[in-house]
Amino acid sequence: MQEELLALARKVGEAAGALLMDRPLAFEIESKSTAIDIATQMDTKAEKFIVQSLLAARPDDGIIAEEGAAVEGKSGITWVIDPLDGTVNYFYGLPGWNVSIAAKDKNGVIVGVVTAPTINSSWWATLGGGAFFNGHAIRCNDPVELNRALIATGFQYDIAHRTKQLEDVSKLVPIVRDIRRAGAAAVDLCHVAMGALDAYYEAGLKEWDWSAGGLIAREAGATFAQYGQVPQQISMAAGPHLHQQLVAALGFSA
């Protein structure tokens, strides 16, 4: 079952990435939660393509997707889709945006695929089957000490929440190697999985942001956990040793 779902997610993710590489000459912009939280016509186009492709192959599955597609399934499998993670990067022509597709059953995520064509990268994992980058098995960095850690983060589109996020960053900047902000949650999680980052944390992620990347990070040996309550809930991925240090340094609690 997992291998069948993985093959489908990889095929559809690759095709959706190719669709998105054909960037439009002009963008149609729609604001979502705030004026700076945007979607383009390509978010909607990619989501429609992914949903139709998945349901054509597996019509009894459920769907949860960022741009509003929602189907209650009958098979016990639900797809969790971010058709264009990193929309602002995409809009500005920056790399790293991606297509994130996960499949979950009643116990949680069992398949995750993240496809980022601008950086020639595809990551995938199955529950209990390990994590892979462009076909090669990957592992997170562990152990890493806090003062040697390269850490990524991001900021919510609701600017009212950014003051607390800046306070967290100000705690870390003096005591870590450096901070990165790449702009696409799923790729940040995958970069932790493959050792291109030591840790990643961010407040306010939605299920479609972390489902695929979170599984990939866990299957690569990282600890992926969430702290606090929505809308400020923190999602964090890091090797087990560093994860404990970050939780202590930032004062997170479950």
Inter-probe distance in nm under a simple model that places probes 7 Å from Cα toward Cβ, at Lys74 and Ala56: 2.1 nm
From the coordinates shown, percent of Cα pairs over 24 Å apart corresponds to which of [x] 62; [y] 50; [z] 44: [z]
Rounded to 10°, Cα long-axis angle of helix 162-172 versus longest principal axis of the chain: 50 degrees
Exposure proxy ranking, count of Cβ atoms within 10 Å, fewest first, for His136, His161: His136, His161
Selection from Gly213, Ala131, His243, by position along the positive dipole direction of the chain (Cβ): His243
Theoretical gain in end-to-end length, Asn107 to His161 [0.36 nm per residue, Cα-Cα removed]: 16.3 nm
Arg180-Lys11 FRET efficiency (beta carbon distance; Förster radius 35 Å; 0.05 resolution): 0.70
Relative exposure of Val113, Val230, Val80, Val71, judged by other C-beta atoms within 10 Å (fewest first): Val230, Val71, Val80, Val113
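FYI, it's all coordinate maths here, none of it is from the lab. Computed from a prediction, not measured in an experiment: that's the story for all the values here. When we count neighbours, we look across all protein chains shown, and the Cβ atoms used for this are built from the backbone with ideal geometry, even at glycine.
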